[in-house]
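Have a look at the structure below, then the notes.
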Amino acid sequence: MESHKNCSRVQDPYSLRCIPQVHGASRNAWLHFRDIIETEINSVTDNPIIINSELTISGGSFHGQPIALPLDYATLAVSELGNISDRRVYLSLEGETNGVPKLLMKATGLNSGFMILQYSTAAIASENKGLCFPASADSIPTSLGQEDHVSMGSISGRKLLQVLDNIDKILSIELLCAAQAKDFHNPMQSTPVIEAIHQHIRTKIPHIEEDQPMQDILDNALALIKSGELIQVAKEAAAKNALPYLGEGVEHFENY
């Protein structure tokens, strides 16, 4: 309570306070999606199904609905990771944290700082929202009405891949903003894991002091996200400092 006397910011916005709930919901969606895919990819989809010389069954085992709905659900779950990430990028630019300048750059004025990067995350997050409309909600009869309801799961899959690609871009920008913001807190230290991650980022991406073309820097950040090497850095730092890396349930995600 003492630290918040005359403080206009008693609580953090939801995009910070509610990370476990929002990210956790998307993780749960992933677990459901994985279970359905593993079941269906090993299922019989023939029509008719030849059981033996005496039994043949005609049916709709080929219908893609069991996969189409989870694909749409997964698209929404992934999109939300980008949506909340964009909110955190925006907050990092506000200049409301002591010592961290607006737009994450001291010499603003002629310099726009990281403003345009947040334009990008906002645009990509908005695009993802449009892609969240479920393809499986639509179906147009074909084949003279014989095929009058189909899953449209192939469209669901294409949209999911596009959103996944977009999310990598949003997260790479959040990575840049978070690393830049942390620089302004020096010489204060965070946890050993966060410090190790930040140091690794700085071997690939410099602190930025003035406006410049960002394409190469963005490409480096995107490569860091896609490579998964930051996860390895976190694991090694946790082991070195005898810290738990992740809690119960990590085995569900470790190999995916």
Next item on the list: Hey, can you tell me all the residues within the stretch 1-16 that are surrounded by fewer than 12 Cβ atoms within 10 Å (Cβ to Cβ) and part of a helix (DSSP H, G or I)?
Entry: Glu2, Ser3, His4
Checklist line | Residue in the stretch 129-145 that is nearest to Ser26 (Cα to Cα), counting only those that are not in a loop (DSSP other than H, G, I, E, B) and not aliphatic (A, V, I, L, M) | finding: Lys129
Notebook entry, point to check: How many residues are modelled with pLDDT under 95, open to solvent by 80 Å² or more (accessible area, probe 1.4 Å) and among the basic types (Lys, Arg) when one looks only at the stretch 17-61?
Noted result: 1
Note to self: I'd like the full set of residues that are surrounded by fewer than 17 Cβ atoms within 10 Å (Cβ to Cβ), assigned to a loop (DSSP other than H, G, I, E, B), in contact (Cβ under 8 Å) with a residue 40 or more places away in the chain and not β-branched (Val, Ile, Thr), limited to the stretch 62-112.
What the structure shows: His63, Glu96, Gly99, Pro101, Lys106, Ala107, Leu110, Asn111, Ser112
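Can Glu96 be described as within 28 Å of Ser26 (Cβ to Cβ), more than 13 Å from the chain's Cα centre (by Cα) and modelled with pLDDT under 95?
Numbers: within 28 Å of Ser26 (Cβ to Cβ): yes; more than 13 Å from the chain's Cα centre (by Cα): yes; modelled with pLDDT under 95: yes.
Spelling it out, Glu96 is indeed within 28 Å of Ser26 (Cβ to Cβ), more than 13 Å from the chain's Cα centre (by Cα) and modelled with pLDDT under 95.
Suppose we keep only residues that are among the β-branched types (Val, Ile, Thr) and assigned to a helix (DSSP H, G or I) within the stretch 17-49. Which one would you say is farthest from Gly64 (Cα to Cα)? Please lay out each step first, then the result.
To start, the set of residues in the stretch 17-49 that are among the β-branched types (Val, Ile, Thr) comprises 19, 22, 36-37, 39, 41, 44-45, 49.
If we keep only those that are assigned to a helix (DSSP H, G or I) too, we end up with 19, 22, 36-37, 39.
Numbers: Ile19: 33, Val22: 29, Ile36: 12, Ile37: 11, Thr39: 13 Å.
The selected residue is Ile19.
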Note to self: For the stretch 116-142, which positions are farther than 24 Å from Asp72 by Cβ and either out of contact with any Ser or Thr (no Cβ under 9 Å at 6 or more places or on another chain) or open to solvent by 70 Å² or more (accessible area, probe 1.4 Å) (or both)?
What the structure shows: Ile116, Leu117, Tyr119, Ser120
Item checked: Index of the failed condition, Glu147 passing every other in (1) surrounded by 14 or more Cβ atoms within 10 Å (Cβ to Cβ); (2) at pLDDT below 95 -> (1)
Item checked: Leu164 of a type in the set (A, V, I, L, M), open to solvent by 40 Å² or more (accessible area, probe 1.4 Å) and assigned to a helix (DSSP H, G or I) -> yes
Notebook entry, point to check: So how many residues does the stretch 179-193 have that are farther than 13 Å from Ile217 by Cβ, out of contact with any Lys or Arg (no Cβ under 8 Å at 6 or more places or on another chain) and in a helix (DSSP H, G or I)?
Noted result: 4
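Would you please name the residue that is modelled with the highest pLDDT, looking only at residues in the stretch 203-246 that are under 20 Å from the mean Cα position of the chain (by Cα) and in a loop (DSSP other than H, G, I, E, B)? Before you say what the answer is, go through the steps one by one.
Step one: filter the stretch 203-246 for residues under 20 Å from the mean Cα position of the chain (by Cα), giving 217-235, 245-246.
Next, only the ones that are in a loop (DSSP other than H, G, I, E, B) stay: 228, 245-246.
Values: Gly228: 92, Tyr245: 78, Leu246: 71.
Among those residues, the one meeting the criterion is Gly228.
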Note to self: Take the conditions closer than 26 Å to Ala74 by Cα and free of Cβ contacts under 8 Å to residues at least 24 places away in the same chain and apply them to Ile173. Does it pass?
What the structure shows: no
Notebook entry, point to check: So is Asp165 modelled with pLDDT of 95 or more, closer than 18 Å to Ser85 by Cα and not polar (S, T, N, Q) or not?
Noted result: yes
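Please pick out the residue among Lys106, Lys129 that is over 25 Å from the mean Cα position of the chain (by Cα) and basic (Lys, Arg).
On the way: Lys129 fails: over 25 Å from the mean Cα position of the chain (by Cα).
Answer to the selection: Lys106.
The values are calculated or read from the model by the stated rules, or taken from the named source; none is laboratory data. If you're wondering where the values come from, they're calculated on a predicted model, not measured in any experiment. Note that each Cβ is placed from the backbone with ideal geometry, even for glycine, and that neighbours are counted across all protein chains shown. With ligands, DNA and RNA removed, areas are computed over all heavy atoms of the protein, side chains included. Shrake-Rupley method; radii C 1.70, N 1.55, O 1.52, S 1.80 Å.
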